[in-house]
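Report on the structure given below.
The values are calculated or read from the model by the stated rules, or taken from the named source; none is laboratory data. Predicted, not measured: the structure shown is a model, and the values here were computed from it. Here the Cβ positions follow ideal geometry from the backbone for every residue, glycine too, while neighbour counts run over all protein chains shown. Only protein heavy atoms, including side chains, enter the accessible area calculation; ligands, DNA and RNA are left aside. Shrake-Rupley method; radii C 1.70, N 1.55, O 1.52, S 1.80 Å.
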Amino acid sequence: MERLQKVLAHAGVASRRKSEEMILQGKVKVNGKVVTELGIKVTDADTVEVEGVKLEKEQKVYYLLYKPRGVISAVTDDKGRKTVTDLLPHVTERLYPVGRLDYETSGVLLLTNDGDFSYALTHPKFKVDKTYVARVKGIPLKEQLRPLERGVVLEDGKTAPARVKLLSSERKTDKAIIEITIHEGKNRQVRRMFDAIGFPVQKLKRERFGFLTLHSLNAGEWRELSTHEVKQLRVLAETGKIGN
Ligand code: URA
């Protein structure tokens with residue numbers, strides 16, 4: 001017996017939260033009847049339908065993609081732009097990105113059909129570190145980077161303290177390369193943090209997601225996560241430990 005929203009999330013329909021919304025919106029049927037309560041439990045013997053489509057039990061799959069720039073972190077795009085799932089055409093399961101990277105941002109992006117796993121890794125209460133390398137306009141002094149380390153006020157709240165390191169700078173072109181590690185996932189967070197201190201981001205790449213790096217992948221390439229990595233990521237989400 002499992003809660004309906006958990007079954008939907010497991011089947012890769014959507015995250016658990018999104019699945020709850022779909023139930024409340026009357027999009028889900030159990031044994032032919034619309035269910036709008038969140039408490040209901042189902043078993044394998046029950047037939048579950050989402051927007052008229054019967055739920056099939058899928059194998060869970062987990063991928064790490066080196067997302068290139070110019071690709072959208074979504075399953076479909078109404079403007080017809082290339083999406084991250086277009087880069088894994090052989091995968092027949094319904095893959096969803098774990099969180100998102102902006103259209104112009106490159107780097108580590110996980111994709112899975114495991115809604116619970118995705119929820120655990122993206123919810124702000126689970127503190128998974130993400131490390132980005134940003135090229136910014138201008139060369140900040142140490143003191144000018146300090147607000148990022150303390151937390152800056154954005155329109156949707158104050159950011160948690162970040163770890164920040166100036167990697168290099170070039171006077172001639174007036175640019176700096178900065179590494180920044182955050183564990184939240186506010187929309188366009190890194191770009192907005194640098195805007196807030198007056199050093200706009202020109203290029204952004206996510207180098208690490210928890211302990212996962214782009215190691216040996218080129219832009220547009222992917223690999224499957226091992227069972228061990230998936231287990232480690234779950235532990236990381238729960239405890240904030242393991243190579244974070
Ligand atoms: N922060 C951003 O500004 N963009 C991303 O894609 C990820 C984090």
Checklist outcome for this item: Looking across the range 1-23 at residues that are over 21 Å from the mean Cα position of the chain (by Cα) and free of Cβ contacts under 8 Å to residues at least 40 places away in the same chain, the single one that is surrounded by the most Cβ atoms within 10 Å (Cβ to Cβ) is ILE23
Checklist outcome for this item: Per the filter on the range 87-98, residues in contact with a strand residue (DSSP E or B) (Cβ under 8 Å, 6 or more places away or on another chain) and closer than 14 Å to ALA74 by Cβ are LEU87, LEU88, LEU95, TYR96, PRO97, VAL98
Next on the checklist: So if I check each of ARG223, ARG234, which one is under 17 Å from the mean Cα position of the chain (by Cα), more than 12 Å from the ligand (Cβ to nearest atom) and part of a strand (DSSP E or B)?
Outcome noted: ARG223
Checklist entry - Can you find even one residue in the range 182-190 that is open to solvent by 30 Å² or more (accessible area, probe 1.4 Å), over 21 Å from GLU104 (Cβ atoms) and more than 13 Å from the ligand (Cβ to nearest atom)? => result no
Checklist outcome for this item: Note on the range 210-221: residues surrounded by 17 or more Cβ atoms within 10 Å (Cβ to Cβ) and touching a Phe, Trp or Tyr at 6+ places or on another chain (Cβ under 9 Å) are LEU214
Checklist entry - Would the range 24-47 turn up any residue that is out of contact with any His (no Cβ under 8 Å at 6 or more places or on another chain), assigned to a helix (DSSP H, G or I) and open to solvent by 30 Å² or more (accessible area, probe 1.4 Å)? => result yes
Checklist entry - Restricted to the range 52-86, and to residues that are of a type in the set (A, V, I, L, M) and outside any loop (DSSP other than H, G, I, E, B), which residue is surrounded by the fewest Cβ atoms within 10 Å (Cβ to Cβ)? => result VAL53
Checklist entry - For the range 189-202, does any single residue satisfy the condition of being outside the structural domain of VAL91 (by TED's automatic domain parsing) and among the basic types (Lys, Arg)? => result yes
Checklist entry - Is it true that VAL50 is out of contact with any Asp or Glu (no Cβ under 9 Å at 6 or more places or on another chain), touching a residue at least 40 places away in the same chain (Cβ under 8 Å) and farther than 23 Å from ASN218 by Cα? => result yes
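Each row is one residue, and each column tells you yes or no for (1) free of Cβ contacts under 8 Å to residues at least 24 places away in the same chain; (2) within 16 Å of the ligand (Cβ to nearest atom).
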{"position": "TYR63", "(1), (2)": "no, no"}
{"position": "PRO68", "(1), (2)": "no, yes"}
{"position": "HIS90", "(1), (2)": "yes, no"}
{"position": "ARG94", "(1), (2)": "no, no"}
{"position": "ARG100", "(1), (2)": "no, yes"}
{"position": "LEU110", "(1), (2)": "no, yes"}
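Restricting to the range 157-181, give me the number of residues that are free of Cβ contacts under 8 Å to residues at least 40 places away in the same chain and within 13 Å of the ligand (Cβ to nearest atom).
To start, the set of residues in the range 157-181 that are free of Cβ contacts under 8 Å to residues at least 40 places away in the same chain comprises 157-174.
Now narrow it down to the ones that are within 13 Å of the ligand (Cβ to nearest atom): 159, 162.
Total meeting the criteria: 2.
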Checklist entry - Does any residue in the range 185-203 that is assigned to a helix (DSSP H, G or I) and among the charged types (D, E, K, R) come within less than 7 Å, Cβ to Cβ, of a residue that is modelled with pLDDT of 95 or more and within 9 Å of the ligand (Cβ to nearest atom) six or more places away or on a different chain, and which pairs are these? => result ARG191/VAL201; ARG191/LEU204
